[in-house]
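Single-structure report; data block below.
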Amino acid sequence: MVVHPVARRRGVASGLVADGLAWATEQGARRMLLEVEHTNVPALALYAGVGFAEIARRADYYAPGAHAIVMARELEAMR
Ligand SMILES: CC(C)(COP(=O)(O)OP(=O)(O)OC[C@H]1O[C@@H](n2cnc3c(N)ncnc32)[C@H](O)[C@@H]1OP(=O)(O)O)[C@@H](O)C(=O)NCCC(=O)NCCS
């Protein structure tokens, strides 16, 4: 996910994530996973803010020294 720099901090990304979570839930998904570089403070804050939590790390995933944090969020079942 990338938001143009001039449009950041207006809720664009959190809105897109919320819509993606709702769509996945409607499709019957029960959990969503993502990976984010361990130094990406804005993205880590974004994902934590919409309910994702760290479950694992992948060392040197993007490049030597650039580790991935694996995050997960449970999805509520829809009836
Ligand atoms: C990460 C990114 C997608 C966020 O997009 P955005 O539209 O600005 O995010 P939002 O406005 O929805 O912000 C939601 C929350 O994320 C966090 N956040 C976003 N940018 C932040 C920053 N620069 N520093 C700290 N927290 C930040 C905040 O908690 C924010 O809530 P708040 O504004 O109420 O404090 C954007 O910065 C981006 O495109 N970055 C470059 C690409 C990238 O790293 N993508 C993610 C790859 S996994």
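The values are calculated or read from the model by the stated rules, or taken from the named source; none is laboratory data. Here the structure is a predicted model, which means the values were calculated and not measured. Reconstructed Cβ throughout: ideal geometry from the backbone, glycine too, with neighbour counts over all protein chains shown.
Can you list the strands (runs of 3 or more DSSP E) lying wholly within the chain that have 2 or more residues being in contact with a Phe, Trp or Tyr (Cβ under 6 Å, 6 or more places away or on another chain)? Working first, answer last.
Numbers: elements: 31-37, 53-63, 66-74.
Per the criteria, 66-74.
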Long-range neighbours under 7 Å by Cβ, at least six apart or interchain, first residue closer than 17 Å to A48 by Cα within the range 1-18, second more than 6 Å from the ligand (Cβ to nearest atom): M1/L16; S14/V50; V17/V50; A18/V50
Identity of the residue in the range 11-44, within 16 Å of M1 (Cβ to Cβ) and surrounded by fewer than 11 Cβ atoms within 10 Å (Cβ to Cβ), that ends up nearest to the ligand (Cβ to nearest atom): V41
Looking at (1) on the phi > 0 side of the Ramachandran plot; (2) in contact with a Leu (Cβ under 6 Å, 6 or more places away or on another chain); (3) of a type outside the set (K, R), can you tell me which one A72 breaks? (1)
Mind telling me which of the residues M71, M32, M1, M78 ends up being touching an Asp or Glu at 6+ places or on another chain (Cβ under 9 Å) and modelled with pLDDT under 95? M78
